[in-house]
Every structure is written in structure tokens, then in C-alpha cells.
């Protein structure tokens, strides 16, 4: 199944609409606390490695999403920092039977091209509303 990918402004419009969408932020807890969209739910698909540098997969990701959103028809916008992790999360959720998943391109900061330039500005770069903390 092909994943519908949308730009940050379209994601905000969906979140502001009466369609019932929730912003599912799949970044690490530290990234989320540093800044996120208001009302976002944080369930990391990967988190900081407690044993050293880098990130490791969250083995409970699907279980945590299912607990937070037991209805597989729940409308969700998946998002991360740049777009890679959220695309993976969207794939997992669709494979598990979720039916109304859209993935936000650009993530919170921005999608980068091969040369490191921003190719799709993210939520925060566009000046969309943000908050910090949990």
C-alpha cells in the first residue's frame, strides 16, 4: 500500500480540521522535549542508545501505538525530525492494519538532499506552532 505523504502546512490543516487527526511524533523523547507540535503524542520508533552513541529501535513501538490508538481507523499524521523515521513508522502501521495514516514530509526540522541542503522545510522552519517539554 502506498503511503500518502503531505507537506507540513497540509498536516497542520488536517490537524486543525474536524477530521480527528493526531500528530504522532516518532522522534526520541529528548528530541520531542526540545520542541514539538502542540498536542503531539510521542512514541519513539527509535531512541537514544543508553549504552553509548547513536539510536536503537524501540522494540515496543507497535505495542505502545496500539495501546495509545486501539482503533485501527484512528487518523494519524506520522512525523519525525527529517522524514525518514516517520515514513518507516507509517509503513509499519499500515502493515499492521491501520487505515488512515499520512506521513509528513520534512519532519519537524526539514528534509535534506544528498548535499545536506534542506529540500522540504519542516514544521518548525515554517514557523508553525511549537511547544517544549512533555
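The values are calculated or read from the model by the stated rules, or taken from the named source; none is laboratory data. No experiment lies behind these values; they were computed from the predicted model shown. Glycine gets a Cβ as well: all are built from the backbone with ideal geometry, and neighbour counts include every protein chain shown.
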> Just one of the numbered conditions (1) assigned to a loop (DSSP other than H, G, I, E, B); (2) surrounded by fewer than 20 Cβ atoms within 10 Å (Cβ to Cβ); (3) in contact with a strand residue (DSSP E or B) (Cβ under 9 Å, 6 or more places away or on another chain) is not true of residue 56; which one?
Replying inline: (1)
>> Taking the conditions exactly as written (in a loop (DSSP other than H, G, I, E, B) and at pLDDT below 95), does residue 127 satisfy them or not?
In response: no
> (1) free of Cβ contacts under 8 Å to residues at least 60 places away in the same chain; (2) under 25 Å from residue 1 (Cα atoms); (3) under 12 Å from the mean Cα position of the chain (by Cα): which one isn't true of residue 79, the others all being true?
Replying inline: (1)
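Can you tell me which residue is surrounded by the fewest Cβ atoms within 10 Å (Cβ to Cβ) among those in segment 11-21 that are touching a residue at least 40 places away in the same chain (Cβ under 8 Å) and more than 20 Å from residue 88 (Cβ to Cβ)?
Our first condition is that a residue be touching a residue at least 40 places away in the same chain (Cβ under 8 Å); within segment 11-21, this holds for 11-12, 14-15, 19-21.
Narrowing further to those that are more than 20 Å from residue 88 (Cβ to Cβ): 12, 14-15, 19-20.
Values: 12: 20, 14: 18, 15: 21, 19: 10, 20: 12.
Of everything passing the filter in segment 11-21, 19 is surrounded by the fewest Cβ atoms within 10 Å (Cβ to Cβ).
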>> Which residue is nearest to residue 29 (Cα to Cα), if the candidates are limited to segment 87-100 and must be in contact with a helix residue (DSSP H, G or I) (Cβ under 8 Å, 6 or more places away or on another chain) and buried (at least 24 other Cβ atoms within 10 Å of the Cβ)?
In response: 89
> Can you name the condition, by its number, that residue 111 falls short on among (1) within 15 Å of residue 8 (Cβ to Cβ); (2) without any contact (Cβ under 8 Å) to a residue 40 or more places away in the chain; (3) assigned to a helix (DSSP H, G or I)?
Replying inline: (3)
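Looking at segment 90-106, is at least one residue under 19 Å from residue 131 (Cβ atoms), at pLDDT 95 or above and in a loop (DSSP other than H, G, I, E, B)?
Scanning segment 90-106, I find at least one residue that is under 19 Å from residue 131 (Cβ atoms), at pLDDT 95 or above and in a loop (DSSP other than H, G, I, E, B), so the answer is yes.
Say we look at segment 5-37 and pick out the residues that are out of contact with any helix residue (DSSP H, G or I) (no Cβ under 9 Å at 6 or more places or on another chain) and in a loop (DSSP other than H, G, I, E, B); which of these is nearest to residue 71 (Cα to Cα)?
If we filter segment 5-37 for residues that are out of contact with any helix residue (DSSP H, G or I) (no Cβ under 9 Å at 6 or more places or on another chain), which is where we start, we get 7-20, 28-36.
Now drop any that are not in a loop (DSSP other than H, G, I, E, B), which leaves 7, 17-20, 28, 35.
Working: 7: 25, 17: 19, 18: 18, 19: 15, 20: 12, 28: 24, 35: 27 Å.
Checked segment 5-37; the qualifying residue nearest to residue 71 (Cα to Cα) is 20.
Is it the case, given these coordinates, that residue 51 is touching a residue at least 60 places away in the same chain (Cβ under 8 Å), out of contact with any helix residue (DSSP H, G or I) (no Cβ under 9 Å at 6 or more places or on another chain) and either in a loop (DSSP other than H, G, I, E, B) or within 19 Å of residue 125 (Cα to Cα) (or both)? Full working, then the answer.
On the way: touching a residue at least 60 places away in the same chain (Cβ under 8 Å): no; out of contact with any helix residue (DSSP H, G or I) (no Cβ under 9 Å at 6 or more places or on another chain): yes; either in a loop (DSSP other than H, G, I, E, B) or within 19 Å of residue 125 (Cα to Cα) (or both): yes.
Answer is no for this residue.
Just to be sure, is residue 44 more than 12 Å from the chain's Cα centre (by Cα) and either buried (at least 19 other Cβ atoms within 10 Å of the Cβ) or assigned to a loop (DSSP other than H, G, I, E, B) (or both)? It would help to see each step written out before you state the result.
Details: more than 12 Å from the chain's Cα centre (by Cα): no; either buried (at least 19 other Cβ atoms within 10 Å of the Cβ) or assigned to a loop (DSSP other than H, G, I, E, B) (or both): yes.
So residue 44 fails the test.
Hey, does segment 70-86 have a residue that's crowded, with 19+ Cβ neighbours inside 10 Å, in contact with a helix residue (DSSP H, G or I) (Cβ under 8 Å, 6 or more places away or on another chain), at negative phi and assigned to a helix (DSSP H, G or I)?
We begin by selecting, within segment 70-86, every residue crowded, with 19+ Cβ neighbours inside 10 Å; these are 76-83, 85-86.
Adding the requirement that they be in contact with a helix residue (DSSP H, G or I) (Cβ under 8 Å, 6 or more places away or on another chain) leaves 76-81.
Pick out the ones that are also at negative phi and you get 76-81.
Remaining after also requiring assigned to a helix (DSSP H, G or I): none.
Looking for residues that are crowded, with 19+ Cβ neighbours inside 10 Å, in contact with a helix residue (DSSP H, G or I) (Cβ under 8 Å, 6 or more places away or on another chain), at negative phi and assigned to a helix (DSSP H, G or I), one finds none in segment 70-86, hence no.
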